[in-house]
Structures are given as C-alpha cells and as structure tokens.
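Heads up: the structure comes next, in structure tokens.
The values are calculated or read from the model by the stated rules, or taken from the named source; none is laboratory data. The structure presented is a predicted model; accordingly, all values stated were derived computationally and were not measured. Cβ: placed from backbone, ideal geometry, glycine included. Neighbour counts: every protein chain shown.
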Amino acid sequence: MSKWAGTLSTTEPYNHLGVLSVRQGNVNSEIFDFKIVQNGVPYDLTGLRVLFCTNFKQYILVEKEATVLKPEEGLFQFTMDDDCMQKVGDQEGYFEIYQEGMLLDTTQNFTYTVQSSILKMLMDGESYIQRLEDLLNQLNNSIANSNGEMDKLLEEWMKFVEDNKELLEAIDPGGALLNRLNELQKQQEELNGTLQTNAALQIGGETPRSIFVSALSLLRNKIDKNKFNVLHMTDIHTDYGYGATSWTYAEYFWSHITNMQSLQDVADVAIYNGDNADCYIKDKEQSQIQQRKFGIKALRAAKIPTFVNLGNHDNGSPPFKRDIGKVMPGDIITNEEFKDFYETKSKLFDEVRNGDSLYFYKDFPDKKIRVVGLNTNDNNQSVLNADGTYKYGSHDHFAMQQEQLKWLANEALKVPTDYHVIVFGHCPIHDEKFDNRECLIKILEAYKLGTTVQIKSVYPDHEVNFTADFIKQGPGILVGYICGHWHDEGFNQLGDSVKFTQMRCLNGGFSDPALIDTPQEDCWSVLSVDTVAKKVNVFGFGRAIDRSFTY
C-alpha cells in the first residue's frame, strides 16, 4: 500500500504534491504512487523505464528504478531507500523516462522532506544544542523588546551555522532548531516591515500562465476602482489530480487562484466561498494537507482582505459517505481544526468574528460596505448515531445553529447608517437539505424591513428560539446573498414579506480535457457593487458569464 500519491507533469512548470515526509531507516514503507501527465493527458509508459533522480552535494548522484503499474494511465510506483534519504531536510528530485537507453522526457522537480531516525544519529551534540538554545532565548528576548541587538545576534547565528554545517545536519533532526530560528527571524522581519512572500509558497505559480494574460487584461479594463469590487471564487475543488479523486485535471486549479490574485490591486476584498479542496480520498491526513496547502495559497499571498468560507467537501466526508455510507468522528476535519487552516484565530484582516468562529464580518468604511461570511456547514457535530457515526456528516447536510444565527441578527446585521450589506455562504439558502434556512431568510427579511420577528426552528438537534429585532435600527440595505454548491449560474428571489436576491455561481473546477490551455479552464467573477445605483455588475472570467442585478 502506498504512503503518498500524486501527479507529476512533464510540461507544467510546477508539481503540487503538498508535504511529502519520509524518514531515514524506514524499509519498504516510503512508497509513492505517481501518475505522469503531459499537457494534462496521461503519459503512456508502455515499454518505457522510469528512474528517480536526485543528488547530494556535487558528486553524490542517485538513480533508482521505479515500477510501472498501469502504463496506459502513466501510473507507476517508487519505493525510497536510504540512498534517497542521505541528508536530513528538504530534498529535490524528479523522474526520467527512458526508451531502450534513450532519455525521452523528465518530470518537473518536486520536494520531499527527509526526517532523521534516532538510530541514524552517530554523535552526541548536547553541548551544541545548548548553544543553540541559548541563542534562541536571546533572540526571543530581542524580538519581545524589538531592540537593536537583532542584527548582531543574526550575524552571530549565521556565522555559527556556516562554521558548523556538517555538525548541525547530524545533531538537528529534521532541522527543528533551525526552523525555530527562521521563524524568529521572520517575526523580526514582520516587525521591520521587510518580509516578502516566500516564492516557495507560491503554489500555482507567482504570475498567470500565458494563456490567461489577454483575458485577464480585458477583465481588468472592465473594473471601476471607484466601485466596491469583490473577487469571488467558489467550488474550485483543489486536489492532486490523482486518479482516485473526482477531479482528474485538478493540477491546473492552483494556477486559477493565481489568476484571481493578479487582480488584487483593483479589488477591495477576495472571497473563496467553499469546496476549496475536494478531499475525495478516505484519508484525513491527506485532506488536512490539501486544506493547509489551500490556506497557504489563498491567505499568505493575499494583498487585500481575503476570507475563506467552508463547503461540504472541505472536511473530507464525501468519500466515506460514498463508499461506506457513514462517517466516523475521527474520519474528517472538524470545525475546530478548520480554524487553524483558515486563520480564524489570527484575524489576519481585522475582521469581526464570534470569538474565533468560521463566520465573520468586515467593514469597508470608505465605501460604506459590510461583507458578511456565513458557515452553512455549521452542523451539530456533537450528535452521533447509535453506532457512533456522525448524524450530520456535512457532505450531504447543511445547517446554521442558534449561536451563529443570533450573532448574525444581533451583531453582523447591526450596521452603521447607510451601510450596504453583502452576504456570502456556500449553500443556496433554499436548498432542502439546509436546516434553519427559513430562519436565515426571516432574519434577512427583518433586517431589510427594519422589523422584529420571532426566529424558531422546526429541526431537531438544530433548535432555534429567539427574537431578531431591527426596529431601532430601521430598514437596512441588503445587496444580496452570494453562493455556490450547485455548480451552476442563476438568480433566485427569496423572502415572503420582502424579496432579496440570491446569486448562484459556477464551480471553479473543470473536468473536460478540451478546456486545458484555454481561458475556459478557469471560472470566477468580479462583483462590482455600485452603491449609488444600487446595482451589482458581475464580470465573469473563463466559463463564468457577465450578468447583473439590482437591489
């Protein structure tokens, strides 16, 4: 059974495999299943050899044979041994493709991390570790005071590292102490305002692929910076592109995020509206890797306020429901765990949350706009079936619980005078699998009318009972509710006593190979809100169409 799986390309400039950790001394357990593609199409390995290649220092070269499993599908298996793990830390490698001794092709490089085994450590470095700890303590104190000693200490540290490279490799398993110091250095750079985004984290490339440049320029020319502009992407389903997942060409999806981020200079906010990762392998650890990777790409490369909403695929429940019909608590990412991936505890953009909740609002005073993000996957995860499985596993069920609904009514929708409110959530409000959808509609109606209404639920396990009161505030301005999930484009008019617009948006992921290397690979929109005309112009990119609505 393989430990890792992924897709390698001979044509794309990047391989996006996430974190691949191997340990020295592991025998026949560091197994990789890879698929090679060329221009998004499986590379036919019939009659060909595949060799793994890496090097340590200048003259220590490693070349190891892989086993081709399904040649027509480009699928092969490779088992790393100690020859491939000679040095602790990050290591680059790639695969060569041969036919009768002639080199035909190579994949792009990928990175794997070699962790040390205690049995492989051949020397006692206690005194040196003590020296490192002393330096780290001084650095911590320096950062706390932000004093002038930092440059001197960093110079001393860099000299120590340079003079003791071989020793540090032996006594610092996995580079733990070095990583700690680098984190401290990063903190000081942040204090100095000099930190630049690490290019190594630019998953999907730092600039758009050439096929998109012209279309992005046309879209840019449509955007009026005097309006309130939202970059909106939903249902991108980022993944490895591996055959076991539901999106065969997902290796391309990361570059679509790069496309949208290229317009940050003409936008006010960016929203990723759920199903950010596909998580379609029955492996919680792999789902966590996918979410961590998405968070790095979406948030660390952000130059404007950027927020991530939760979708029903994100927690990794779909493959369990698909294959065995149920989900155990240990199988999926919990809502609490998502708070780390989506940085809700950090409040990176000074947004307001209910503590560290997965829902938020953010004000833009210069344009009198409030953006509200809802968690439509707010299922009660404390309710279990008799067999210990989740009653509400999230893949096929949506909900908003009382705490979030009360926060919406009592906090998020209590806005300054003349503010316009635009609300984002993954699931369409009128979806029949959405518990307390009626409560959400009533709250938005009452906000718009400036009235009071009793909010009461009819759903067991998601009980709601409170009063939403907007009389003192008076009628509010609701731009609309923007969602995804259904993988289509359209509008709905919701509400009984007063109507408001729900806009559904098309999925960012694609399945048709004919779209590869065309602008239609991609799909997202810019929502341009004109608060004077009370109109939203929607400029689609790729497969998304241009449209508009008034409010």
Flag if Asp323 is within 16 Å of the chain's Cα centre (by Cα) and at pLDDT below 90: no
Out of (1) more than 23 Å from the chain's Cα centre (by Cα); (2) at pLDDT 95 or above; (3) in a loop (DSSP other than H, G, I, E, B), the one Ser497 does not meet is (2)
I'd like to check something: does region 509-522 contain any residue that is in a strand (DSSP E or B) and at pLDDT 95 or above? no
Selection from region 364-406 of residues that are of a type in the set (D, E, K, R) and assigned to a loop (DSSP other than H, G, I, E, B): Lys368, Asp378, Asp387, Lys391, Asp396
If the requirement is being farther than 15 Å from Asp461 by Cβ and crowded, with 19+ Cβ neighbours inside 10 Å, which of these qualifies: Thr417, Thr376? Thr376
Is it true that some residue in region 409-420 is more than 26 Å from Gln493 (Cβ to Cβ), at pLDDT 95 or above and assigned by the TED database to the domain that holds Ile304? yes
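For region 38-59, give me each residue that is under 26 Å from Ala514 (Cα atoms), in a strand (DSSP E or B) and modelled with pLDDT of 90 or more. Full working, then the answer.
As a first pass, look at region 38-59 and keep what is under 26 Å from Ala514 (Cα atoms): 38-46.
Filter once more, keeping what is in a strand (DSSP E or B): 38, 41-42.
Answer for region 38-59, where residues must be under 26 Å from Ala514 (Cα atoms), in a strand (DSSP E or B) and modelled with pLDDT of 90 or more: just Pro42.
Do the conditions hold for Val464, that is, is it in contact with a Cys (Cβ under 7 Å, 6 or more places away or on another chain), at pLDDT 95 or above and aliphatic (A, V, I, L, M)?
Numbers: in contact with a Cys (Cβ under 7 Å, 6 or more places away or on another chain): yes; at pLDDT 95 or above: yes; aliphatic (A, V, I, L, M): yes.
Considered against the rule, which asks whether it is in contact with a Cys (Cβ under 7 Å, 6 or more places away or on another chain), at pLDDT 95 or above and aliphatic (A, V, I, L, M), Val464 comes out as yes.
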Tell me which of these Val423 doesn't satisfy, since it passes every other one: (1) outside any strand (DSSP E or B); (2) at pLDDT 95 or above. (1)
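Among the residues of region 403-452, write down those that are among the small types (Gly, Ala, Ser) and in contact with a Cys (Cβ under 6 Å, 6 or more places away or on another chain).
The first filter runs over region 403-452 and keeps only residues among the small types (Gly, Ala, Ser), leaving 409, 412, 425, 446, 450.
Hit for region 403-452 is Gly425, nothing else.
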Can you work out which of the residues in region 80-105 that are part of a loop (DSSP other than H, G, I, E, B) and touching a residue at least 60 places away in the same chain (Cβ under 8 Å) is nearest to Gly25 (Cα to Cα)? Met85
Evaluate the following for Ile455: is it in contact with a Cys (Cβ under 6 Å, 6 or more places away or on another chain), under 27 Å from Glu432 (Cβ atoms) and either among the aliphatic types (A, V, I, L, M) or at pLDDT below 95 (or both)? yes
